[in-house]
Amino acid sequence: MIYPTTDVVLASIIDAVETDIAPHVHDEYAASVCKTVAQMLRSVRVRASEEIPALHAGNDELRRILATALDRQDQPADVHASLTAALDQSPAPRHPDLAELQDDAIRIRAALTAVIDAIPDESHPTRQAARKYVRHQLEREQRWQQDAFTGPRR
C-alpha cells in the first residue's frame with residue numbers, strides 16, 4: 001500500500017485550500033475560486049474511491065442484460081454481432097484498471113444502445129431491464145456526481 005493514499009493526499013489539499021489559503025484571500029472572485037477548487041477536489045476524492053466499484057457493478061449488471069438479449073432471436077444480425085463482440089471483449093476476471101473499465105463501459109453501453117434502437121416496444125423485457133440498469137447506475141454514480149458537493153460553493 002502506498003502511503004499516503006490518494007484519499008489522504010486529496011483531503012490534505014482540500015484542507016490546505018480551505019484553512020491555509022482561502023482565509024487569506026481578500027479578492028471576492030479569488031475567494032470564490034478557492035471554494036470551487038475545494039468542491040472540485042471533494043468530487044475527485046469521492047470519485048477516486050467510488051468509480052471503479054461502480055463501473056464493475058454497472059458493467060456486470062449490463063453484461064447480464066446483454067447476455068439475456070443475446071439469447072433472444074428478435075434482433076437484427078448486426079445487433080447480434082454487436083452484442084457478441086461487446087460480451088466477448090470483457091476484461092479478464094481480475095480487477096482491471098480504470099482505463100480498461102472505462103473502455104469496457106463505452107463498448108457495452110454502445111451495444112445496449114443498439115439493442116434499444118432495435119426494439120421499439122417499450123414494454124419489451126430487455127428495454128425494461130435497461131431502464132432498471134440506468135436507474136441503478138445513476139444511484140451508483142450519485143456519490144461523485146451529486147453527494148460530493150456538500151460544502152460551501154460560490
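All of the numbers you see were taken from the coordinates with simple rules; none came from a lab. Everything numeric in this text was worked out from a predicted model, so none of it was measured. Virtual Cβ from ideal backbone geometry, glycine too; neighbours counted across all protein chains shown.
What ranking of SER123, SER32 emerges when the number of other C-beta atoms within 10 Å of each C-beta is taken as an exposure proxy, fewest first?
SER123, SER32
With r defined as the distance between the Cβ atoms of ARG135 and HIS95 and R0 fixed at 25 Å, what FRET efficiency is calculated, to the nearest 0.05?
Plugging the Cβ-Cβ distance into 1/(1 + (r/R0)^6) gives 0.50.
Could you give the length gained by full extension between ASP15 and VAL37, i.e. 0.36 nm per residue of separation minus their alpha carbon distance, to one decimal place?
Roughly 6.8 nm would be gained on extension.
Quick check for me: using +1 on Lys/Arg Cβ and -1 on Asp/Glu Cβ, what's the dipole size of region 1-107 about its Cα centre, in debye to the nearest 20?
Charge dipole of region 1-107: 140 debye, to the nearest 20.
Could you work out how far the C-alpha centroid of region 1-35 sits from that of region 84-120, in angstrom?
So the two Cα centres are separated by 37 Å.
Hey, of (i) 1.39; (ii) 1.21; (iii) 0.97, which did the structure itself give for Cα Rg over 2.2 N^0.38 Å when calculated?
Derived directly from the coordinates: (i).
Compute the angle between helix 77-88 and the longest alpha-carbon principal axis of the chain, please, reported from 0 to 90 degrees and rounded to the nearest 10.
With rounding to tens, the tilt is 50 degrees.
To the nearest 20 Debye, how big is the dipole of region 1-63 about its Cα centre, given +1 on the beta carbon of each Lys and Arg and -1 on that of each Asp and Glu?
120 debye
Putting +1 on Lys and Arg Cβ atoms and -1 on Asp and Glu Cβ atoms, find which of THR6, LEU83, VAL44 reaches farthest to the positive end of the dipole of region 6-147.
LEU83
Just to verify a number: FRET efficiency for THR84 and ARG47, C-beta to C-beta distance, R0 = 30 Å, to 0.05? Could you put the intermediate results ahead of the total?
Working: r = 32 Å, r/R0 = 1.06.
Rounded to the nearest 0.05, the efficiency is 0.40.
Against the longest principal axis of the chain, how steep is helix 28-71, in degrees 0 to 90 to the nearest 10, with axes from Cα atoms?
The angle comes out near 20 degrees.
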